[in-house]
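Below is one structure, written out as structure tokens; comments come after it.
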Amino acid sequence: MKRRAFITLLGGAAAAWPLAARAQQPAMPVIGFLNPTFIESNADRLRGFHRGLKDAGYFAPVAAFAAKAATTTIPIVFSVNEDPVRLGLVASLARPGGNATGINFFTAEVAAKRLNLLRELVPAAAHVSVLVNPANAVTTESTLRDVEASARAERLQVKVLNASTSREIEAAFASFVSDRPDALFVGISPFFVARRVQLAQLVARHVVPAIYQDRLQAEVGGLISYGASLTDAYRQVGIYTGRILKGAKPADLPVVQSSKFELVINHPTARMLGITVPDKLLATADEVIE
């Protein structure tokens, strides 16, 4: 195999870089997985990535996990949670140009939808706290813009809480003693996914219904989550990785936009909070945890 490629995913990513030349052996691409959360929490996404590689004609265990610096000539396959054109990663969705392409899994763009689902689950809510991570400035800005616009339309009072450390999460929840929000909207951040157990425990302690971005958060006790299927997104990343390894150029591969979204409801948590989940939500949920 003569072609050697470096492929990296931004924001939860897979990267392949050239091996040192070995005269007696054919070169083999090495793929590493870069992600801001623990590998153990990404098992389903890695399986999706492997399925994508298999669909493209490749399938092998990940050979190395490490970070490598990218260049303007090395092919890049990214997975991002909002418009990559706005982020400056590509020139356009249809014709990315340059050395990068990938998938937008619309985490930021469906923030308003999540707020609507929270209101549907807690129709009497009037005061909603919104927990965001200021360290993710671009994503936080777009999330707050969409949530605040939706809140105005639904006549909801919103209070923004910032947290980028475990202690700041504790401090944010401490404010609930005096503020007494009717519900909590947890913003988009790999940090919040990594701290999902802490969040679930604090939400239970303060008895406040909350909505999250990632099904992993609902699986550990979060009330409800809604967002793109990251397993499916990573499958597409695997497909593009395989195509590039076969010779395709990132500039010619349109950015894929997620079309599969998951609504997950944790029924025991709902009962613990004294919430009756509407039949409509139960019927439309992709999974109801019992």
Notebook entry, point to check: Which ones in region 107-161 are of a type in the set (D, E, K, R), within 17 Å of the chain's Cα centre (by Cα) and either closer than 19 Å to PRO209 by Cβ or surrounded by 20 or more Cβ atoms within 10 Å (Cβ to Cβ) (or both)?
Noted result: LYS113, ARG114
Next item on the list: Evaluate region 194-207: report whether one residue or more is in contact with a Gly (Cβ under 7 Å, 6 or more places away or on another chain), over 30 Å from THR101 (Cα atoms) and surrounded by fewer than 22 Cβ atoms within 10 Å (Cβ to Cβ).
Entry: yes
Item checked: Matching residues in region 124-147 - criterion: being among the acidic types (Asp, Glu) and in contact with a helix residue (DSSP H, G or I) (Cβ under 7 Å, 6 or more places away or on another chain) -> ASP146
Next item on the list: Determine if region 152-160 includes at least one residue that is of a type outside the set (Ser, Thr, Tyr) and at positive phi.
Entry: yes
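Out of all the residues in region 148-169, which are touching an Asp or Glu at 6+ places or on another chain (Cβ under 8 Å) and of a type in the set (A, V, I, L, M, F, W, C)? Break it down stepwise before answering.
Narrowing region 148-169 to residues touching an Asp or Glu at 6+ places or on another chain (Cβ under 8 Å): 158-159, 162.
Matches in region 148-169: VAL158 only.
Just to verify a result, which residue in region 171-199, among those that are farther than 21 Å from ALA135 by Cβ and in contact with a strand residue (DSSP E or B) (Cβ under 9 Å, 6 or more places away or on another chain), is modelled with the lowest pLDDT?
In the first step, residues of region 171-199 are kept if they are farther than 21 Å from ALA135 by Cβ; the result is 176-183.
This time we only want the ones that are in contact with a strand residue (DSSP E or B) (Cβ under 9 Å, 6 or more places away or on another chain), so: 176, 179-183.
Values: PHE176: 93, ASP179: 90, ARG180: 93, PRO181: 95, ASP182: 96, ALA183: 96.
That would be ASP179.
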Notebook entry, point to check: Are any of the residues in region 97-110 aliphatic (A, V, I, L, M), at pLDDT below 95 and part of a strand (DSSP E or B)?
Noted result: yes
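Here are some residues: GLY238, GLY274, GLY227, GLY221. Which one is over 15 Å from the mean Cα position of the chain (by Cα) and either buried (at least 22 other Cβ atoms within 10 Å of the Cβ) or farther than 24 Å from ALA125 by Cβ (or both)?
Working: GLY274 fails: either buried (at least 22 other Cβ atoms within 10 Å of the Cβ) or farther than 24 Å from ALA125 by Cβ (or both); GLY227 fails: over 15 Å from the mean Cα position of the chain (by Cα); GLY221 fails: either buried (at least 22 other Cβ atoms within 10 Å of the Cβ) or farther than 24 Å from ALA125 by Cβ (or both).
One residue alone meets the criteria, GLY238.
The values are calculated or read from the model by the stated rules, or taken from the named source; none is laboratory data. Just so it is clear, the model here is predicted, and its values are computed rather than measured. In this analysis, Cβ positions are derived from the backbone assuming ideal geometry, glycine residues included, and neighbour counts consider all displayed protein chains.
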